[in-house]
Every structure is written in structure tokens, then in C-alpha cells.
Amino acid sequence: VFGARCPKLRVNSLQIDGLDRVNWTDIRPNTNLSIIADVSVKNPNIASFKYNNASTILYYDGNIVGGAKTPGATAKAGRTLRLNVTMDILLAKVLNVSRLQADYLAGILPMSSYTRISGRVKIFNLIKRGVVVRTNCSMIVNVTSYTIKHQDCKRKVTL
């Protein structure tokens with residue numbers, strides 16, 4: 001009855017901020033973009049989950065191209081928590097990927113992310129357990145509409 005189940009993490013939509021300020025003919029190494037992701041975290045457990053700051057790393061073709069820190073919060077039992085996560089993308093690292101032009105012309109960018117969330121589960125305010133959730137997601141981003149075409153996440157929970 002009290003077995004912990006994996007929270008379900010889903011990226012609902014993406015918005016890219018800063019594309020209008022990029023000088024594509026002269027990109028400096030410190031040029032950054034921001035991706036604002038609308039993320040849902042569903043807690044299927046019968047206990048609330050209070051977590052600390054979470055960290056996310058974004059990969060493109062196996063290279064780290066960005067990351068984000070998410071402030072802590074509490075996901076109530078059986079509820080879905082929606083967050084806006086702002087990721088900083090290092091544009092110079094994205095442009096160093098050799099297959100970028102081919103992917104862009106195809107209209108898709110295959111990306112992956114790794115998120116680690118640690119916190120505590122409280123059951124009836126009596127039992128407290130430390131929990132670490134690790135999520136690896138692979139996704140295909142449509143470059144024209146900036147939406148997620150396909151997303152596959154693998155989760156691992158450690159008590």
C-alpha cells in the first residue's frame with residue numbers, strides 16, 4: 001500500500017526566448033538563448049512529495065548544451081504540479097554539433113535531458129522517507145512550431 005510509485009514528468013510546451021537578438025553572422029562564444037518549458041510533474045502516490053532544488057541538463061547529439069535549476073516545491077498526493085522551467089542554452093555548443101544543419105533542414109532536433117530531484121515523502125505526517133528521482137528523457141523538437149513531437153522518459157526512484 002505504501003510503496004512509492006514514480007512521479008510522471010512531462011514537457012508540455014517550449015518557448016525560445018532570445019532568437020530575435022542573435023546575430024547569426026557573428027555568434028560570440030557567450031551567446032545564450034533561454035528555453036522556457038512548461039513542465040508537469042504528476043505525483044501518483046498517496047503521500048505528498050516535498051523536493052529540494054532540482055537540476056536538469058540538456059543534451060544534443062550527446063553534448064551538454066544547457067541546463068536549469070528548478071526551485072523546490074511540494075507535489076501533493078495524487079495531484080499534478082505545473083512548473084515553468086527556464087533553461088539556459090549555450091548557442092556556441094549547439095552550433096558545434098556537426099549534424100545541426102541536417103536536423104534543422106529536416107525540421108526536427110532530437111534532444112535528451114537528465115533531471116535529478118531529491119526530497120522527502122511524508123505519509124500521514126508520521127513516516128518520512130528520503131527519495132531521489134532520476135529521469136532520462138529523449139524528445140524530438142519540431143523547429144518550426146517549437147513543440148514536442150515525441151517524448152520518451154525513463155524514471156528511476158531510489159528510497
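The values are calculated or read from the model by the stated rules, or taken from the named source; none is laboratory data. Predicted model only: the values in this text are computed from it and were never measured. Cβ placement follows ideal geometry from the backbone for every residue including glycine, while neighbour counts extend to all protein chains displayed. Ligands, DNA and RNA are stripped out before the accessible areas are found, and what is left, the full protein with its side chains, is counted by its heavy atoms. Shrake-Rupley method; radii C 1.70, N 1.55, O 1.52, S 1.80 Å.
Taking the Cα centre of the chain as origin, sum charge times position over the Cβ atoms of Lys and Arg (+1) and Asp and Glu (-1), and report the length of that vector in debye to the nearest 20.
Values: 23 positive and 8 negative charges, 253 e Å.
Dipole of the chain, to the nearest 20 debye: 1220 debye.
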> If ligands, DNA and RNA are left out, what is the accessible area of ARG129 with a 1.4 Å probe, given in Å² to the nearest 10?
Replying inline: 120 Å²
>> Just to be sure I understand the model, the point goes 7 Å from the Cα along the line to the Cβ. What's the resulting THR80 to SER98 distance in nm?
In response: 4.1 nm
> Taking the Cα-to-Cβ direction at ILE46 and at ILE108 and moving 7 Å from each Cα, how far apart do the two end points lie in nm?
Replying inline: 4.2 nm
>> Which residue fluctuates most in the GNM of the chain (Cα springs below 10 Å): TYR104, TYR146, TYR51?
In response: TYR104
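Would you mind getting the accessible area per residue of the chain, heavy atoms of the protein chains only, 1.4 Å probe, in Å²? Don't skip to the answer; put the middle values down first.
Working: 9690 Å² over 159 residues.
Counting only protein heavy atoms, the per-residue value for the chain is 61 Å².
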> If you roll a 1.4 Å probe over the range 53-119 with all protein chains in place, what percent of the accessible area is carbon or sulfur?
Replying inline: 52 percent
>> Per 0.36 nm of contour for each residue apart, how much would the distance between ILE123 and ASN30 grow if the chain were fully extended, relative to their Cα-Cα spacing?
In response: 28.9 nm
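I need the semi-axes of the equivalent ellipsoid of the range 48-112: take the C-alpha gyration tensor, multiply each eigenvalue by 5, square-root it, list largest first in whole angstrom.
Numbers: eigenvalues 198, 35, 14 Å².
Taking √(5λ) for each eigenvalue gives 31, 13, 8 Å, largest first.
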> Roughly how many nanometres apart are two label points built 7 Å out from the Cα toward the Cβ at SER13 and SER138?
Replying inline: 2.7 nm
> Among LYS93/LYS154; LYS76/LYS128; LYS42/LYS149; LYS69/LYS122; LYS93/LYS156; LYS69/LYS149, which pairs are too far apart, with a Cα-Cα distance over 22 Å?
Replying inline: LYS93/LYS154; LYS69/LYS122; LYS93/LYS156; LYS69/LYS149
> How large is ³J(HN,Hα), in whole Hz, for each residue of the range 53-63 in order, when computed from phi with the Karplus curve 6.51 cos²θ - 1.76 cosθ + 1.60 and θ = phi - 60°, using x for Gly and Pro?
Replying inline: 4, 9, 10, 10, 10, 9, 10, 9, 6, x, 9
